[in-house]
Amino acid sequence: QTLTNIIIENGRLIDASVQTSEKLSQLISANADFISFLQKPPSGSGQIGTINQKLAEYNLGQMYSAIYLINQSGIVAASTEKSFLGQDYSFRPYFYRAINGQPYNDVNLGVTSHKLGFYFSHHLYFEE
């Protein structure tokens, strides 16, 4: 294989991965359990554990280092990675784009993980 072919093939793999992740964020944003959880914060840790488990079910093949839900204040309310719980990400572009109704994807350096990663977000629709 030539270097050009390798680059083209890797580009296709990255593109497919981005498309899959965008669709996944849409599926998560439409999940009624997640919407309900964010609308009515739990009083105990049992519901958080259940939501964290449901989030983990979206991480097929452990493709993602973390999947998390951020409340309307920018605080991580549920996560597949415990170190993210309670973190304030209101300053991150993926939060303020999603809170304003715009899907988002980008590559950033994680402020909690200190690792380079792909970040995807999607807004939730709440009924008033």
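What the table shows:
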item: Top of Gly61, Gly46, Gly117 by mean-square fluctuation, Gaussian network on the chain, Cα under 10 Å; result: Gly61
item: Accessible-area value, Ile51, 1.4 Å probe, nucleic acids and ligands omitted, Å²; result: 10 Å²
item: Solvent accessible area, Å² - Ser113, 1.4 Å probe, full protein context; result: 50 Å²
item: Separation of the Glu57 and Asn10 label points, Cα + 7 Å toward Cβ, nm; result: 3.7 nm
item: Solvent-accessible area, 1.4 Å probe, carbon plus sulfur percent, for the chain; result: 53 percent
item: Proximal lysines relative to Lys40, as straight alpha-carbon distance under 27 Å, when same-chain residues fewer than 8 apart are discounted; result: Lys23, Lys54, Lys82
item: Selection of chymotrypsin sites (Phe, Trp or Tyr not before Pro), region 21-101, meeting DSSP coil and at most 10 other Cβ within 10 Å; result: Phe91
item: Exposure rank, largest accessible area first [His114, His122; 1.4 Å]; result: His114, His122
item: Heavy-atom accessible area per residue - region 74-128, 1.4 Å, Å²; result: 62 Å²
item: Prolate/oblate/rounded call for the chain, Cα gyration tensor, a/c under 1.5 rounded; result: prolate
item: Separation of alpha-carbon centers, region 1-73 and region 84-111, rounded to whole Å; result: 13 Å
item: Relative contact order, percent, the chain [alpha-carbon distance under 8 Å, six or more residues apart]; result: 20 percent
item: Simple label model, 7 Å out from Cα along Cβ direction - Ser73 to Phe118, nm; result: 3.2 nm
item: For region 1-52, accessible area per residue (1.4 Å probe, heavy atoms of protein chains only), Å²; result: 67 Å²
item: Residue order for Val111, Val18 - accessible surface, 1.4 angstrom probe, largest first; result: Val111, Val18
item: Förster radius 22 Å - calculated FRET efficiency between Leu3 and Asp106 (Cβ-Cβ, nearest 0.05); result: 0.25
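The values are calculated or read from the model by the stated rules, or taken from the named source; none is laboratory data. These figures come from a predicted structure and were not determined experimentally. For neighbour counting, all protein chains shown are included, and Cβ atoms are generated from backbone atoms with ideal geometry for every residue, glycine included. To get the accessible areas, we keep the full protein, side chains included, count just its heavy atoms, and leave off ligands, DNA and RNA. Shrake-Rupley method; radii C 1.70, N 1.55, O 1.52, S 1.80 Å.
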